[in-house]
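S.K.: I'd like to ask some things about the structure below.
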Amino acid sequence: MSTITRRTALGAAVGAAGLALAGPTASAGAATAPTGAARTAPTAGSAAAGPAPAAFDEVYLGRRIKGGAPHGGGHHGGHHTGDYSVTIDGEELHVMRNADGTWISVINHYEPLATPKAVARAAVRELQGAPLVPLTLA
Amino acid sequence: MTVRKNQATLTADEKRRFVDALLELKRTGRYDTFVTTHNAFIMSDTDNGDRVGHRSPSFLPWHRRFLLEFERALQSVDTTVTLPYWDWTADRTARSSLWAPDFLGGTGRARDGQVTDGPFARSGNRWTVNVRVDGRDYLRRDLGAGGRQLPTRAEVDSVLAMETYDTAPWNSSSDGFRNHLEGWRGVNLHNRVHVWVGGQMATGVSPNDPVFWLHHAFIDKLWADWQARHPGSPYLPAAGTPDVVDLRDTMRPWNDVTPADMLDHTRHYTFDTAA
């Protein structure tokens with residue numbers, strides 16, 4: 001078991017998946033999808049009308065949850081999707097703002113909630129004490 | 001020719017072969033590459049940026065190709081295996097045979113959500129969750145938690161009745177069939193089923209739960225059912241649309257397939273019912 005960056009993982013996976021890729025250009029399209037798309041897209045915080053939500057910093061069910069402008073690009077290559085970042089015990093929770101202003105995270109991806117704080121709290125409940133980890137592969 | 005069957009009608013032998021092929025793909029590492037690809041698109045598909053696999057018109061053709069790749073991988077293990085579909089309007093409780101120990105196993109235990117029976121339980125040591133976003137390496141479920149209900153047949157029919165495939169702004173706020181089927185708007189079909197299963201199915205690494213494939217095989221069938229009801233309604237958008245996959249644009253990560261190529265499923269498989 002090794003922990004690697006998301007970008008490395010994506011490249012490795014696309015190669016290993018045996019998907020029909022034409023070469024380096026095609027591979028790069030998939031391998032860089034998260035960073036490339038995030039870079040060219042409007043930031044998550046501006047995806048919908050209205051101001052970015054308020055920052056928060058609280059202990060919820062024993063976990064330190066924080067939200068607000070990201071600091072220094074995050075721990076793992078700055079893969080947050082915009083100008084709003086959420087962490088649980090210091091580890092980044094990947095969050096995204098929907099077009100209607102609601103939010104989701106990688107933990108509760110299919111269930112939009114009203115605010116990033118609500119998304120952070122939902123993730124804490126779902127984690128049941130488990131730590132967030134950078135994308136991990138065998 | 002591949003025939004995709006309702007999971008409720010599979011024989012014991014068909015279930016065993018499907019499960020064995022899943023376990024073999026898992027053993028060799030091929031299974032996990034599909035999980036990684038899915039999560040990459042989950043995290044990069046954004047409403048105001050480039051979007052391919054989700055929250056966009058190509059949600060349906062992208063997943064059709066994704067399932068075809070996976071089905072071919074299964075068939076490289078056992079040529080008789082096809083993807084079953086789960087009609088969650090009919091098999092709508094945790095007591096369904098879908099969740100029996102001889103098929104996918106059941107819901108998770110209260111303490112930590114861990115699935116403890118069936119071929120994917122941690123005790124079998126054949127289904128370590130390697131591609132993950134938190135520290136837990138075992139399959140988890142929380143079927144119907146909080147009293148949530150699966151979509152009904154009437155709700156499905158209300159979405160199948162929609163005439164238009166998709167509409168601007170071609171994202172999670174769109175009107176039209178695709179977004180109501182995906183579930184960001186309206187009665188919420190696809191997204192709700194992910195949440196109903198819970199555990200990994202509620203996350204970006206949802207294909208870690210094998211039920212992902214049976215769920216999406218049914219979503220795929222609903223697209224075919226909609227096409228049959230609306231033969232005059234084309235895939236949209238047709239051309240020149242920023243950030244989304246038009247009819248004849250190629251889709252990442254394959255870059256050799258367009259939505260137009262995916263419109264006719266009968267070139268690849270049929271269903272066990274008249275569409």
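What follows is calculated from the coordinates using simple rules that are stated; it is not laboratory data. Please read these numbers as outputs of a predicted model, since none were measured by experiment. Reconstructed Cβ throughout: ideal geometry from the backbone, glycine too, with neighbour counts over all protein chains shown.
S.K.: Give the relative contact order (percent, whole number) for chain B; include only Cα pairs under 8 Å separated by 6+ residues.
M.R.: It comes to 24 percent, rounded to a whole number.
S.K.: Extension gain B:Q149-B:A161, at 0.36 nm per residue separation less the Cα-Cα distance, in nm?
M.R.: Difference between extended and current length: 2.2 nm.
S.K.: Determine which lysines satisfy two conditions relative to B:K221: a Cα distance under 30 Å, and not lying fewer than 8 residues away in the same chain.
M.R.: Qualifying lysines at Cα under 30 Å: B:K5, B:K15, B:K26.
S.K.: If you add up the charges near B:P84, with Lys and Arg at +1 and Asp and Glu at -1, over every other residue whose beta carbon is less than 9 angstrom from its beta carbon, what do you get?
M.R.: After counting each charged neighbour, the total is +2.
S.K.: Which value in deg cm²/dmol, rounded to the nearest 500, describes the helix-derived mean residue ellipticity at 222 nm for chain B, given -39,500 (n - 2.57) per DSSP H run of n ≥ 4 and division by the residue count?
M.R.: Dividing the helical sum by the residues of chain B leaves -11000 deg cm²/dmol.
S.K.: Also, I was wondering about something else. Just flag the trypsin sites (Lys or Arg not before Pro) in the stretch B:145-178 sitting in loop per DSSP whose Cβ has no more than 10 other Cβ atoms within 10 Å.
M.R.: Nothing satisfies the criteria.
S.K.: Less than 12 Å Cβ to Cβ from B:A121, Lys/Arg counted +1 and Asp/Glu -1: what total charge do the surrounding residues give?
M.R.: +4
S.K.: Which net charge results when you count Lys and Arg as +1 and Asp and Glu as -1 among the other residues whose beta-carbon is under 15 Å from that of B:N179?
M.R.: Net charge around B:N179: -3.
S.K.: Oh, and also: Check which residues have an amide H placed less than 5 Å from B:Y85's amide H, if you skip close sequence neighbours.
M.R.: B:K5, B:N6, B:Q7
S.K.: Ok, one more. Taking θ as phi - 60°, what are the ³J(HN,Hα) couplings along the stretch B:56-62 by the Karplus curve (6.51, -1.76, 1.60), each to the nearest whole Hz, with x for Gly and Pro?
M.R.: 6, x, 7, 3, 6, x, 5
S.K.: Calculate one ³J(HN,Hα) per residue across the stretch B:183-197 by plugging θ = phi - 60° into the Karplus curve 6.51 cos²θ - 1.76 cosθ + 1.60, and present them in order as whole Hz with x for glycine and proline.
M.R.: Calculated HN-Hα couplings, in order: x, 6, 10, x, 5, 6, 9, 4, 4, 4, 5, 4, 5, 4, 6 Hz.
S.K.: Sequence neighbours fewer than 8 away in the same chain don't count; with that in mind, list the aspartates and glutamates whose C-alpha is under 12 Å from A:K117.
M.R.: Result set, ordered by chain and number: A:D57, A:E58.
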